[in-house]
Every structure is written in C-alpha cells, then in structure tokens.
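Working notes, structure below.
The values are calculated or read from the model by the stated rules, or taken from the named source; none is laboratory data. These numbers come from a predicted model, not from an experiment. As a convention, Cβ positions derive from the backbone with ideal geometry for all residues, glycine included, and neighbour counts pool all protein chains shown. We work out accessible area using only protein heavy atoms, side chains counted, and drop any ligands, DNA or RNA first. Shrake-Rupley method; radii C 1.70, N 1.55, O 1.52, S 1.80 Å.
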Amino acid sequence: MDLQLLYFTSIFSIFIFMFMTHKIVTKKSNSTPSLPPGPWKLPIIGNMHNLVGSPLPHHRLRDLSAKYGSLMHLKLGEVSTIVVSSPEYAKEVMKTHDHIFASRPYVLAAEIMDYDFKGVAFTPYGDYWRQLRKIFALELLSSKRVQSFQPIREEVLTSFIKRMATIEGSQVNITKEVISTVFTITARTALGSKSRHHQKLISVVTEAAKISGGFDLGDLYPSVKFLQHMSGLKPKLEKLHQQADQIMQNIINEHREAKSSATGDQGEEEVLLDVLLKKEFGLSDESIKAVIWVRIDIFHQFYCMIEKWRIKYALMPSH
C-alpha cells in the first residue's frame, strides 16, 4: 500500500510540475508574435516527442506537415523551428525574405570550428554577413571563377580514371577513392596544388565530420552551458580546432611567402585563398580560415553522405 501511495504521489508531483511549467511558458509566449500551426508542445522538451518513432526524421516531418500545413512550427528543446515543406513557402524564405532568415540557430560545433561564427554559413545577419556574401557571389562562386578551375577538375578526374583502369580486375575501395578525388579537387581549388599540408588537413576534416555530425543535447538547450561539458563534445572540438587552426595558418603563411617571392608570371592560377588574401577585402586571418573551413566543410557533407549511402546499401538485403 505504501508503495502504491509513493507511486501515485510521484506521478502526481510530475504532473503538477509539468502543468506549472506549461503555464509559465505559455504566459511568457503571449507577448511573442503569432507562429504557424504545429503539434501540441510539452514543457521542457517541446515537440521532440513528435519526432520519435521513425528512423528517418524527414519522413516524420513530412507526416506532420501533411497534418499541420506546409508552414509548421516546432519547438525542439529551447530552439524554435519553422518547417517549410512547399516550393512556394521555400521561395519566400530563401529568396523573398532571405535577409530575415539569414541568421542560424546556435550550434556548438559551428561556434568552435567556425571561429565564433566568422564563416558565411553561420554568420549572423549584418554588415560582415553582407561582405562575405558579396565576396562569395562575385569572387568565389561566380561562373567565371568556377570555369577557371576546369583544368584542375579535368586533371584530377583524368588521374582518377587512369588509376581505376590500372587496377582493373582487383578489389578497390571505391568510397575511399571517390572521397580522395573530391577532396583533392576541393583542396586544390581552395588552397593551390603546392601545399604540403593537404593530408594533415583531410585527417582533421574526417575526424571533425565524425564528431560534429552527430546529435548533441547542448544544441537544443544553448542556455544550459553545462550540457556541453557533460557530453564531452566541447573539449574534443576545441582540440580539433587547434589542430585545424595551426594547419590552415601554416598554409596561409606559406602562401603569402610564395606569392611575395614569386616574380613575373611564375605563380599558379589564382585560387580561392588568393582572392581572400586581397588587401581590398580587409579580411583577418581568422576570417580567412573560417571561410576556408566552410569550403572544406563541403567535403565534410559529401563524406558523410557517401558514408551513409555506403552503410545503407551495404545493409540492404539482396534480392
């Protein structure tokens, strides 16, 4: 009987706590702007329980959007999230009102590896964001710049094809070969072909992709700082950041020395690092390293995508 009373008291206490918390949160949110419709939110966790039950979160979001509409509001921990699932609304967010949605939510990995949000992906909207966007649009990602790297792409891909031809009939790790080829293209277009630090950088990039690509509870509760230490993610990222910072600083220093000692037209084709080092942009070394890291982060995403595909299709039953 005492055990039943204790059980009932515990359940009742939890219910009262959740009810009072919900009332406090609701009272605070009355002054906030109206938000799109969405499923009912629980105290503390918000809508995280709505994403449980499906191994593929985007399928769960699809199902929720079918019920609540193409513009849906979710609360993931402390993070207020708008889910857009139609081309019309996506155009409004990405093009018509892009400056409103330019800033990103807090992510610990981005803060550490991105030099306190100095890279373009997580930079808050403002003058610095506009400067980086202009550099990317006119200098780094322009059609002329992309076309200028065609000889590098042709050279690397031709080398890849020849290498595959020489090992015909033998077993080959195609994932490793493709990843190496993509990284070579990325590194050469961003840093040049004479850098001796490419292999060290790819090692740090691979490790950072594994560590920062997973789930971290601290990102859902950015105000609760001790969660970042409990997970052990922060010290790991800080150690990787120090390694990456030293490698990229060495690349920048050596690139400056090579350019200053070059005479006439002896230098290589202008790469992205040359553009970032131009005095008229006035970028600090930290900003340059952050932009380089964003460029290399494309390789992060490609690596993770290849790994997911490899695991997925390796586990698929044969028919």
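Structural remarks
- Carbon + sulfur, % of accessible area of segment 129-242 - ligands and nucleic acids excluded, 1.4 Å: 57 percent
- Per residue, segment 59-166 exposes an accessible area of 61 Å² to a 1.4 Å probe, with every protein chain left in place.
- When each of the peptides 35-47, 102-114 is scored by how many other beta carbons lie within 10 Å of its residues on average, the order from highest to lowest is 102-114, 35-47.
- Diffusion constant of segment 31-103 at 25 °C, which comes from Stokes-Einstein with the Kirkwood Cα-pair radius and 0.890 mPa s, µm²/s: 187 µm²/s
- Segment THR81-ASN253, extension gain: residue separation times 0.36 nm, minus the distance between their alpha carbons: 57.8 nm
- Legend: calculated FRET efficiency, GLU177 to LYS91, from the Cβ-Cβ distance at R0 = 41 Å, rounded to 0.05, equals 0.60.
- Ligands, DNA and RNA left out, the accessible area of segment 44-128 computed with a 1.4 Å probe is 63% carbon and sulfur.
- For the peptides 51-58, 141-148, the ranking by mean Cβ contacts within 10 Å, running from highest to lowest, is 141-148, 51-58.
- Normalised alpha carbon radius of gyration of segment 68-165 [divisor 2.2 N^0.38 Å]: 1.51
- Computing FRET efficiency as 1/(1 + (r/R0)^6) for ILE161 and SER34, where r is the C-beta to C-beta distance and R0 is 45 Å, gives about 0.20.
- Here r is the Cβ-Cβ distance between ALA66 and GLU154 and R0 is 41 Å; the resulting FRET efficiency, rounded to 0.05, is 0.35.
- Each peptide in 218-225, 82-89, 162-169 was scored by the mean count of other Cβ atoms within 10 Å over its residues; highest first, the order is 218-225, 82-89, 162-169.
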